[in-house]
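Everything below concerns the one structure shown next.
The values are calculated or read from the model by the stated rules, or taken from the named source; none is laboratory data. The model shown is predicted, which means the values in this text are computed figures rather than measured ones. All Cβ positions, glycine included, derive from the backbone under ideal geometry; neighbour counts span all protein chains shown.
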2 protein chains.
Amino acid sequence: MQKGNAAYIKTMNKRLILKCVMEEDAISRAAIAKKLSLSKPTISTLVNDLLEDQWLIETGNGSASREGGRKPVNLTFNAKRSYIVGIDIGGTNVGMGITDLNGHVCAFREFPTQQHLEHNLFEEMKRNVDSMKDQLRIDDTKILGIGAGIPGVTNIKEGIVVEAPALKWKRFPIVAELEKTFQLPIHVDNDVNINVLGEHWMGIGKNKENLVYVAIGTGVGSGIMINGNLYRGTNYSAGEIGYLVTDKEYAKAYHPVHKGYGFLESVSSGSSISMQITKKLGKELSAKQAFELYNEGDEAAVEVIDQALEHLAIGISNYVSLFDPEIIILGGGVSGSFSLIHKKVMDIMNRYAPQQCEVVRTSFGKEAGVIGSVALFLNEFEGLFEI
Amino acid sequence: MQKGNAAYIKTMNKRLILKCVMEEDAISRAAIAKKLSLSKPTISTLVNDLLEDQWLIETGNGSASREGGRKPVNLTFNAKRSYIVGIDIGGTNVGMGITDLNGHVCAFREFPTQQHLEHNLFEEMKRNVDSMKDQLRIDDTKILGIGAGIPGVTNIKEGIVVEAPALKWKRFPIVAELEKTFQLPIHVDNDVNINVLGEHWMGIGKNKENLVYVAIGTGVGSGIMINGNLYRGTNYSAGEIGYLVTDKEYAKAYHPVHKGYGFLESVSSGSSISMQITKKLGKELSAKQAFELYNEGDEAAVEVIDQALEHLAIGISNYVSLFDPEIIILGGGVSGSFSLIHKKVMDIMNRYAPQQCEVVRTSFGKEAGVIGSVALFLNEFEGLFEI
DNA sequence: AATTAGTAAGTAAACTTTACTAACCTACAA
DNA sequence: TTGTAGGTTAGTAAAGTTTACTTACTAATT
């Protein structure tokens, strides 16, 4: 528990004021005082501090009230006070961006991962960040730090990627490497946690307290927020939906589609669908191609995909039974097949779960990882404000 | 977020001191100051307040340090300052108790539920509480309030039991009834939440941050604590393990063992086992009797129970995959068959879950519900201390 | 003599209350 | 139409309150 002293009070109240201003986007000192039930002089003093530190800006007068009186001085949150770098390390591409404090992506770059993975990955990152800094005409003093998302098991305390098959990393000291490259505060986490944080901060999960992000791609994974906080689990392995068992008998005989894969991802991930359809039709097909065949009514594709989606839907329905979230957000490679998946999930959930839950598609495009990484950074950063 | 002012600081620091004393059970002012890094005078002032309010007692001098110096004055938490009433309303028995602030059950009573359910349930409660008050020679001023656990769906905000089949209650205004009977602050919740709170406060889940309590009885239910807080879910229905689907194909054909029951409790609860064995052997048998037959090696019993426990174990393994708790506590009517269940769960979890998790038996006997109800009350009660 | 426990007196930092000035609107009379 | 009185709101200044901290002390012990 936090120990109480004067400085702590002040920080708390400053945070409240910032939060207040961010919610209202233009508000007067008097209105803040009323809203927070703090006295007007207190608000004045704290606002002056915040103005001096450039967290806030005075943006001219508002209009006076009907009953007369002096015009209020409007205060606005200064989103351009500082910037944050978000890095989304994917198996295919590395996405990089610089956002302002409102989560607006001011600059964005992308480069293919595998091309640089072996020799100059971090130099390439540095080059891109420098180029974005030039574009925005800012220097390092304006940058609070860097958040990064990793497609694999990450020990966030030690700052080490335990294992990331897509990058062929094992016990890779990611934080140390990034610190060496950038000399800025760094926070990292795995990609599903990044995504759920992003959706909660700026996406479709805004203002929700309990949400789940399910990523369906090569594997199946998920990130959880509870009471507005990321829940990582005792061993940092909460949300491993890919390990759910949705069929007792079938599970007895299953073989992991890749080494270390759980049951559900072995029967319903993209790679699983691809592998099954390939075996069935005797020719190499991707999951995307399988869905195309499905839409054409191909019998083999329908059988494989229906089975896979049923397992997936039961997994999600089980999630709802245990967690009772406000919303479930589906991401990963589902964009093309969302409506199909959605229908299946709603059917199964309706049949088996004790109550319903909204199921929606991710609200971001390729900038998702950047926004999420920035959300992670702000979430972990011991700064004045909180998101 | 909390607004900061002087009074809030003081409350915070008083709470810290109380927590400190409760952990150490005898500690001096100077030691508290060192531990909390607050100044000695601050501690002295706050301790004097706490002494005046009887939260603490001075219990004589400790021994001086090796290097010389004045003897410390020991401070102890005054667990007998106040008492709390815990009521555990079960389908068979109502358990009632009065505990001190340390969770020690100072008095306990029990009476059969159904006998009093229709006419004088609350009078009987009142009679028992009065008798316990006499026994302990305390009056209402010493009692902070009442916590109660309900075997059914409970809307804790409105204080209404939405549905409790074991009591034949539907939309029953439990809080209003208890307030009318006792004129004391009341908090209620459902029985699994009560149990997990109890285990966390005084049982085997002490000092664990993330824990799950699974109750296996007529149905199957569970309660969850995350980061030391009870997690109820968006619609107060988190932890509905009884609705998990553990077999896709089997689920297509299943029929709820009772109306409104989920898949898992329909195939693995006590009533399900009893119903299956009864059907198989053509004579009425309870779940307990089925387990006896199992131990004798009866073929039918082995088949039914093995199947049921496999489903249950997969459910629990799924829980571990999603939640990654520190510990899973099994309760309900499992006492006799715990080792059997435990083995099955560990096997399945070992096979399917991404990591292991301790699985243990509940640490309480028939006083479980009382301790849990008291834990609930203290958890919800806006008093000085927190547990 | 050195060390530890606890208290007293004065100071610093945060908030609040009260009282003020500045700026504005409405109503109404000339 | 214009001017003014009266009322209202925004923001600030000064004094007071509460809490914690620092410094300096006494008491008790090895």
With the requirement that a residue be surrounded by 21 or more Cβ atoms within 10 Å (Cβ to Cβ) and within 12 Å of another protein chain (Cβ to nearest Cβ), what does the range A:201-230 give you? A:N210, A:L211, A:V212, A:V214, A:G219, A:V220, A:G221, A:S222, A:G223, A:I224, A:M225, A:I226
In this structure, does A:I194 turn out to be of a type in the set (V, I, T) and more than 28 Å from A:S317 (Cβ to Cβ)? no
Pairs please, first residue from the range B:231-253 and at the interface with another protein chain (Cβ under 7 Å from one of its Cβ atoms), second anywhere and assigned to a helix (DSSP H, G or I) and of a type in the set (D, E), Cβ atoms under 7 Å, 6+ apart in sequence or on different chains. B:D247/A:E249; B:K248/A:E310
Would you point out which residue out of A:Y294, A:Y352 is hydroxyl-bearing (S, T, Y), touching a helix residue (DSSP H, G or I) at 6+ places or on another chain (Cβ under 6 Å) and within 11 Å of another protein chain (Cβ to nearest Cβ)? A:Y352
Going through the range A:1-33 in order, the residues found to be within 13 Å of chain B (Cβ to nearest Cβ) and either farther than 15 Å from B:M1 by Cβ or not in a helix (DSSP H, G or I) (or both) are A:M1, A:Q2, A:K3, A:G4, A:N5, A:A6, A:A7, A:A33
Taking the range A:10-39 and the residues there that are within 31 Å of the chain's Cα centre (by Cα) and near DNA strand C (Cβ under 8 Å from one of its atoms), the one that is nearest to B:R15 (Cα to Cα) would be A:M12
Scan A:G60, A:G86, A:G97 and give me the residue that is out of contact with any helix residue (DSSP H, G or I) (no Cβ under 9 Å at 6 or more places or on another chain) and part of a strand (DSSP E or B). A:G60
Residue in the range A:35-42 that is outside any helix (DSSP H, G or I) and either in contact (Cβ under 8 Å) with a residue 24 or more places away in the chain or more than 14 Å from chain B (Cβ to nearest Cβ) (or both) present: yes
For the range A:64-75, indicate whether the set of residues that are surrounded by fewer than 16 Cβ atoms within 10 Å (Cβ to Cβ), at positive phi and either within 14 Å of chain B (Cβ to nearest Cβ) or within 16 Å of DNA strand C (Cβ to nearest atom) (or both) is non-empty. yes
Residue under question is B:L312, and the condition is that it be touching a helix residue (DSSP H, G or I) at 6+ places or on another chain (Cβ under 7 Å), more than 17 Å from B:Q276 (Cβ to Cβ) and crowded, with 16+ Cβ neighbours inside 10 Å; does it hold? no
Residue satisfying all of: in the range A:317-350; in contact (Cβ under 8 Å) with a residue 24 or more places away in the chain and of a type in the set (D, E, K, R); farthest from A:M96 (Cα to Cα) among these: A:D347
Does A:P165 fit the bill of being surrounded by fewer than 19 Cβ atoms within 10 Å (Cβ to Cβ) and either polar (S, T, N, Q) or modelled with pLDDT under 95 (or both)? yes
Filtered residue count, the range A:65-86, keeping only those that are hydroxyl-bearing (S, T, Y) and near DNA strand D (Cβ under 6 Å from one of its atoms): 1
Restrict the check to the range A:46-59 and report whether at least one residue is modelled with pLDDT under 95, exposed (fewer than 13 other Cβ atoms within 10 Å of the Cβ) and within 12 Å of DNA strand C (Cβ to nearest atom). yes
Name the residue that is farthest from DNA strand D (Cβ to nearest atom), counting only residues in the range B:11-35 that are out of contact with any Asp or Glu (no Cβ under 8 Å at 6 or more places or on another chain) and among the charged types (D, E, K, R). B:D25
